[in-house]
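Each remark here refers to the structure printed beneath this line.
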Amino acid sequence: MISAKFFLTLWHKFQSIMKQFIISSLLAVIFTLTVNAQTALKKVYNDDINPLEQIDQAVAKAKAEGKFVICQVGGNWCPWCLKFADFITNDSTISQIINDNFVYIHVSYNPRKSQSEEKIAQGKALMKRLNNAGRFGYPVLVVINTEGAVIHLQDSGLLEEGEGYNQEKVLQFFKKWTPQAVKGE
């Protein structure tokens, strides 16, 4: 017959194992949350500004500086939009080409219909202004010349590789659409 002392010993071992399991589980959760917090991508889109005015201001600045405008259209709701923004910011070669040749702006657009009537109207006007750029998905890159005309729409999906972006493809896109390249200089 099994004694009460044996069950008590077994119960204490069980409790010890459960404490270790709970502590290990909590540490794993804390570690995961910490890693996710450290790798969270920066929100780069401002939903509070009028995107049409943002584009007009960027065109005026680009004209004064002899550059083109690149609108990265998307939103903080779009993981690929944030990945692209992070990618071009952290690659010094790409950042330099952008700084030398473009006024780069993040134009917030939300294709969902669950917005105010004003935002829906603004979104329709934006897509009309950008030659229905949203047809390529998000982010979509829109190149605008110094006169404010859309000269190219770039499907960013063609620049992807695996879970990120391909540096060579991204560089090739930016180099082909500099003001000098377009003018044949």
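The values are calculated or read from the model by the stated rules, or taken from the named source; none is laboratory data. This is a predicted model, so every value here is computed, not measured. Virtual Cβ from ideal backbone geometry, glycine too; neighbours counted across all protein chains shown. Accessible surface is based on the protein model in full, side chains and every heavy atom, while ligands, DNA and RNA are left aside. Shrake-Rupley method; radii C 1.70, N 1.55, O 1.52, S 1.80 Å.
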### Task
Could I get the Rg over Rh figure for region 124-185? Both from C-alpha atoms, Rh via Kirkwood, rounded to two places.
1.01
#### Entry: Phi to ³J(HN,Hα) by Karplus 6.51 cos²θ - 1.76 cosθ + 1.60 over region 156-162, Hz, x for Gly, Pro
5, x, 6, 9, 7, 8, x
### Query
Among all cysteines in the chain, which have no other cysteine Cβ under 4.7 Å from their own Cβ?
71
### Message
How large are Rg and Dmax for the chain when calculated on the C-alpha trace, in angstrom?
### Response
25.4, 96
#### Entry: Expected 222 nm ellipticity per residue - DSSP helices of 4 or more, -39500 (n - 2.57), all of the chain, to 500
-17500 deg cm²/dmol
### Task
Mean Kyte-Doolittle of at least 0.0 plus a Cα span of 30 Å or more along the axis: flag which DSSP H helices in the chain meet both, please.
4-39
### Message
If you count only protein heavy atoms with a 1.4 Å probe, what accessible area per residue comes out for the chain, rounded to a whole Å²?
### Response
62
### Message
Show me the GluC sites (Glu not before Pro) within region 112-162 that DSSP assigns to loop and that have at most 16 other Cβ atoms within 10 Å of their Cβ.
### Response
147
### Task
First compute the accessible area of the chain with a 1.4 Å probe, then give the percent of it belonging to carbon and sulfur atoms.
57
### Query
lysines within cross-link reach of residue 169: Cα-Cα under 25 Å, excluding same-chain residues under 8 positions apart?
42, 43, 67, 83, 183
